[in-house]
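Asker: This is the structure I have questions about; it appears just below.
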Amino acid sequence: MAAVHDDFAARTRLSDFQTDPSSVRAPDAAEAARRAATGGASTTNNAAGNTDVSRTAASAHTVLEPYLLLAKSARGAGLAQLTAKVTASPEIWFFSELLDMPSIRELAHSETHSGHHKLLEIFAYGTLSHYRQAVSTTPDLPKLDPAQEIKLKQLTLLSAASDHRVLPYSGLMKALELTSTSEVEDLIIRTIYAQVLSGRLDQARSRFLVDEVIGRDVRYPEGVVELSENLREWQTRIEATLGALNEQIDLVRKAETGQAEWWNKLEAQRLAAAHEVIATGTPAFSSGFQPADNMDLDLMSKERAHLKASGRKRNRK
């Protein structure tokens, strides 16, 4: 498994029917790991604000189109070979459009090639564990070649990343049937370079932090129903969050209003006390205002003395 890093870690552009990954060279593994660990292998934004992951999803039909054209005329063994190339391709991540082709649907009823249809279904909707389970129930299920096994492990990783934003290495090792954290990181880096996943390796805590992940095929109709339920749950959580935020906003506004009223009342007390002190020379403790309310009595005493002096000057005149 460690050797496969040299095959796919780079972001590659293979021809439509290239299935031999050994012809593709990868960047230095240590440099790739360093960039991913520091976020350098994360999603890159272009000038329009789109990401590599979103561009990959947008170009999905374009990449699959040559296979769709071949599927219109291919039959039997030709279709079986076609499905093998599609499932091994490092550029194809969606398969339901191919499954909808009439010739591919007929493949499901073939006495000799129905296993290839089952394999294509697993790549579209399933994971590595689904393949292991199908081996015992589908006798003619094709054996995975190295490229297909890597691809199915990547698809399994995408499914996990869609469900969880934090992926511990221990769980990934089990789901992906890997034996070391270095193999886990190699597969994550390879998937990031395929532009279908972005995130950061948290090597200190042995986990991967997901930023963005490409979606997978949705089985109709059960997948659509599940997706609708998830969207309704998401809407409910959003509404609850907005309700809680509005409550906090109301509390803040009430607190601001109460604080303003308190300051206005205190200012009125200060003015009343100041007038009483000036008029009588005695602090107006009876009004409820106390010196402890931070009133500057020295300032008021100076103002009272100034008024008295002004009064004496007027009397002399």
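Asker: Set the Förster radius R0 to 41 Å, insert the Cβ-Cβ distance between Q235 and A268 as r into 1/(1 + (r/R0)^6), and round the FRET efficiency to 0.05.
Answerer: 0.25
Asker: So, in Å, what gap is there between the alpha-carbon centers of the range 62-125 and the range 197-241?
Answerer: Result: 27 Å between the Cα centres.
Asker: Another question, then. Place a label point 7 angstrom from the Cα of E177 along the Cα-to-Cβ direction, then list the residues of the range 100-138 whose backbone nitrogen is under 20 Å away.
Answerer: Once the point is set 7 Å along Cα→Cβ of E177, 115-138 turn out to lie under 20 Å by backbone N, inside the range 100-138.
Asker: With a ≥ b ≥ c the root eigenvalues of the C-alpha gyration tensor of the range 126-228, is it rounded (a/c under 1.5), prolate (a/b larger than b/c) or oblate?
Answerer: Cα axes put the range 126-228 in the oblate bin.
Asker: Related question: What are the ³J(HN,Hα) couplings of the range 100-115, residue after residue, when phi is run through the Karplus curve with 6.51, -1.76, 1.60 and θ = phi - 60°? Round to Hz, x for glycine and proline.
Answerer: Values per residue, Gly and Pro as x: 7, 5, x, 5, 6, 4, 5, 4, 5, 9, 6, 6, 10, 10, 4, x Hz.
Asker: A further question follows. Relative contact order of the range 145-217, please, whole-number percent, based on alpha carbon pairs below 8 angstrom and at least 6 residues apart.
Answerer: In percent, rounded to a whole number, it is 35.
Asker: With a 10 Å Cβ neighbour count serving as the proxy for reagent exposure, in which order, fewest first, do L187, L119 appear?
Answerer: The most exposed by this proxy come first: L187, L119.
Asker: For V252 and I278, what is the calculated FRET efficiency with R₀ set at 30 Å and r taken between the beta-carbons, to the nearest 0.05?
Answerer: Between V252 and I278 the formula returns 0.15.
Asker: Among the chymotrypsin sites (Phe, Trp or Tyr not before Pro) within the range 181-248, which fall in a DSSP loop and have no more than 12 other Cβ atoms within 10 Å of their own Cβ?
Answerer: Taking the range 181-248 and a limit of 12 other Cβ atoms within 10 Å, no loop chymotrypsin sites (Phe, Trp or Tyr not before Pro) are found.
Asker: Rounded if a/c is under 1.5, else prolate if a/b beats b/c, else oblate: with a ≥ b ≥ c from the C-alpha gyration tensor eigenvalues square-rooted, which is the range 56-143?
Answerer: oblate
Any read-out appearing in this document is the output of simple, stated calculations on the displayed coordinates, not a laboratory observation. Just so it is clear, the model here is predicted, and its values are computed rather than measured. Every residue, glycine as well, gets a Cβ built from its backbone with ideal geometry; the counts of neighbours run over all protein chains shown.
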